[in-house]
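Asks: The structure under discussion is supplied below as structure tokens; questions concerning it will follow.
No value in this document is a laboratory result; all are computed from the given coordinates. What you see is a predicted model; the values in this text were computed from it and never measured. Every residue, glycine as well, gets a Cβ built from its backbone with ideal geometry; the counts of neighbours run over all protein chains shown.
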């Protein structure tokens, strides 16, 4: 079974942590797994969970609580990619309750969600709790940090049939509250492993000014348009930095927890599909987001602590790929004591060219899953009605009521003119550039 799953998700082999976690979860009722972000914890608990599911039961059997919408969506995507026969659903704030309630009318075997939204559904009696035997508290340290104690406690009190509890955390210094029902767990501690991948190059870029915007601009020009995360410590700073880069003709997007959910999804989609290579963000983007193949991480603001530094850097140099981390330091700033890595000082040339424009643009299509539209339909429409070649179509993401498609930059204007009066799957809909 495991080999089929690995083939489905595109992974050649499990790492040592995943092997140990699968064995521990199969043999123990309560397991605490401590391992850094990006180490593969999601697959480590999903594989053994699969063996616990009963295909004859049309009820929720596993509940996974996560601290963020993005992490919930990522876990759902990983489970779907495993190509099992079991249904999975995802519930989170910012998503219509009516849609989620309708999805729950045919109960999934695995239900994933944020604590507040799951508690809402429980309060409205939207799904049955009696068959939930397995509870997963994923990124539990982050859930505590964000203040979800009351919601999680209220949910767990209502789960009377749970006989297996799995708690994951990226932080070792963690006291497990009584409300979890976890008292004598089997603990897997992989926090002592190398905190940063060997394939990560750590660098310093010195700025002559306290406001480091000009240095950031130079650095991005130097990096030449490769996928980059720029971390800021506050939401307003992320917006300010993004606006400054836009004014300097550097294509970018910004991302933080204050944005509406549909905007967050759109921004992440554009970053994933290559329509935008620079994402200015808060630490919300340091954990749990499905944003693969990030080449560079830039600490525009210094992280608050070692944990933040590790999580940010964990977005690059993943799955044996090489990556780079950069600390931008003003004259008043010094390297924090918790950073013990070997750091190389990077001198930026004075004369630099602007980063090249992305090769892709994102197209919005106003129909989605609820309209019975899928990726095959979209590819067929774009090739037959839009006269596109297969290599001119990039990543496609189909949401409930709309879809995003990456199209080669050079073909977008011609495409929009060509399909302006066309129907997709016999439906009229808006098709436009997503800016």
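Asks: Mind ordering 22-32, 239-249 by average Cβ neighbours within 10 Å, highest first? Don't skip to the end; give the middle numbers.
Replies: Working: 22-32: 18.4, 239-249: 16.2.
Per-residue Cβ counts within 10 Å, averaged per peptide and sorted highest first, yield 22-32, 239-249.
Asks: Hey, any idea what Rg/Rh is for the chain, computing Rh the Kirkwood way over Cα pairs?
Replies: Across the chain, the Cα-based Rg/Rh ratio is 0.97.
Asks: Modelled label-to-label distance, residue 370 and residue 97, 7 Å Cα→beta-carbon offset: nm?
Replies: Label-label distance for residue 370 and residue 97, simple model: 1.6 nm.
Asks: Any idea what the relative contact order of the stretch 2-189 is, in percent, if you count C-alpha pairs under 8 Å spaced at least 6 apart?
Replies: 31
Asks: When ranked by the protection proxy of mean other Cβ atoms within 10 Å per residue, highest first, what sequence do the peptides 48-60, 136-148, 362-374 form?
Replies: The densest-packed peptide leads the list: 136-148, 362-374, 48-60.
Asks: For residue 131 and residue 204, what is the calculated FRET efficiency with R₀ set at 51 Å and r taken between the beta-carbons, to the nearest 0.05?
Replies: Details: r = 54 Å, r/R0 = 1.06.
About 0.40, to the nearest 0.05.
Asks: Apply the a/c threshold of 1.5 to the C-alpha gyration tensor of the stretch 46-170 and tell me whether it is rounded, prolate or oblate. Don't skip to the answer; put the middle values down first.
Replies: Numbers: a/c = 1.27, a/b = 1.16, b/c = 1.09.
Because its axes are fairly even, with a/c under 1.5, the stretch 46-170 counts as rounded.
Asks: Moving to a separate point now. Could you work out how far the C-alpha centroid of the stretch 330-381 sits from that of the stretch 129-163, in angstrom?
Replies: Centre-to-centre distance over Cα atoms comes out at 34 Å.
Asks: Label 7 Å along Cα→Cβ of residue 226; the stretch 257-287 residues with amide nitrogen under 16 Å?
Replies: 277-279
Asks: State whether the stretch 360-433 is rounded, prolate or oblate according to the following rule on the C-alpha gyration tensor (a ≥ b ≥ c being the square roots of its eigenvalues): a/c under 1.5 gives rounded; otherwise a/b larger than b/c gives prolate, and the remaining case gives oblate.
Replies: Because a/c hits 1.5 or more and a/b exceeds b/c, the stretch 360-433 counts as prolate.
Asks: Enumerate the whole-percent occupancy of each 10 Å bin, from 0 to the last occupied one, for all C-alpha pair distances of the stretch 120-229.
Replies: Calculated over all Cα pairs of the stretch 120-229, the distribution is 10, 28, 20, 18, 16, 7, 0 percent.
Asks: Separate question: Taking all pairs of distinct Cα atoms, average 1/r, flip it, and tell me the Kirkwood hydrodynamic radius of the stretch 1-53 in Å to one decimal place.
Replies: 11.5
Asks: With an 8 Å cut-off on Cα pairs and a minimum separation of 6 or more residues, tell me the relative contact order of the chain in percent. Please list the in-between numbers first.
Replies: Values: 798 pairs, mean separation 65.0, N = 435.
Computed over the chain, the figure is 15 percent.
Asks: With r as the distance between the Cβ atoms of residue 400 and residue 124 and R0 = 22 Å, compute the FRET efficiency 1/(1 + (r/R0)^6) and round to 0.05.
Replies: Result of the calculation: an efficiency of 0.65.
Asks: Related question: Which whole-number percent is the relative contact order of the stretch 249-289 (Cα, under 8 Å, 6+ apart)?
Replies: 53
Asks: For residue 234 and residue 183, what does the FRET efficiency come to when R0 = 41 Å and r is the distance between their Cβ atoms, rounded to the nearest 0.05?
Replies: It comes out at approximately 0.60.
Asks: Here's something else I'd like to know. For the stretch 47-87 and the stretch 221-274, write down the distance between their C-alpha centroids in whole Å.
Replies: Going from one Cα centre to the other spans 31 Å.
Asks: Is the shape of the stretch 200-345 best called rounded, prolate or oblate, per the rule: a/c under 1.5 gives rounded, else a/b larger than b/c gives prolate, else oblate, with a ≥ b ≥ c the square roots of the Cα gyration tensor eigenvalues?
Replies: Since a/c stays below 1.5, the shape of the stretch 200-345 is classed as rounded.
Asks: Using label points projected 7 Å from each Cα along Cα→Cβ, tell me how many nm separate residue 211 and residue 54, to one decimal.
Replies: Here the answer is 6.5 nm between the modelled labels.
Asks: If each DSSP helix of 4+ residues adds -39,500 (n - 2.57) and the sum is divided by the residues in the chain, what number results at 222 nm, nearest 500 deg cm²/dmol?
Replies: For the chain, the value works out to -9500 deg cm²/dmol.
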